[in-house]
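*Asks:* I have a structure I would like to understand better, so I am pasting it below and will then ask my questions one at a time.
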Amino acid sequence: MWRWLTYAMGFSLPARYDEWVFRDLTRRGWVWRELLRVEILGLPFFLGCLFLPGPWVLKLSTGFFFLVGPPFVAGIYANEWRDYRLRQHELLPPGGRWGE
């Protein structure tokens, strides 16, 4: 579980997990898995907003930002993020380029 959390936060895994990382980032449904990881990382911030002082409408609307904003941005930059993650593990992205 610890390795998955560090991987979800953007850190690289040891080389023995390279095959798993490649499959995770290139197989069918990879975009949904990335969005789910980002959503899970935003969940503690949402819950933290519920403990802020103020009216519930303000707490929920502030927390809603942490549930909608990060997956929205991650969805826009999904391909670039995937290519970065593959290069981070010294794997060739599906486009076949190492990039700049």
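No lab work stands behind these numbers, since they all come straight from the coordinates. These figures come from a predicted structure and were not determined experimentally. Quick reminder, even Gly has a Cβ in these numbers, built from the backbone with ideal geometry, and neighbours come from all protein chains shown.
*Asks:* Which one, 54, 75, 63, has the greatest fluctuation when you compute a Gaussian network model over the chain with C-alpha springs under 10 angstrom?
*Replies:* Top of the fluctuation ranking is 54.
*Asks:* Which of 14, 44, 70 ends up with the largest GNM mean-square fluctuation for the chain, with Cα atoms connected below 10 Å?
*Replies:* Result: 14 has the largest fluctuation of those listed.
*Asks:* One-quarter of the Cα convex hull surface for the stretch 1-84, in nm²?
*Replies:* Working: hull surface 24.8 nm².
About 6.2 nm², averaged over all directions.
*Asks:* Continuing with the same structure: Using the 10 angstrom Cβ neighbour count as an exposure proxy, how do 12, 61 rank, fewest first? Present the calculation step by step, with values, prior to reporting the outcome.
*Replies:* On the way: 12 14, 61 11.
Listed from fewest to most nearby Cβ atoms, that is 61, 12.
*Asks:* Can you list which of the DSSP-assigned H helices in the chain have a Cα extent of 20 Å or more along the long axis and an average Kyte-Doolittle score of at least -0.5? Could you put the intermediate results ahead of the total?
*Replies:* Working: long enough: 30-49 (29 Å, 0.99); 56-76 (30 Å, 1.47).
Within the chain the helices that satisfy the rule are 30-49, 56-76.
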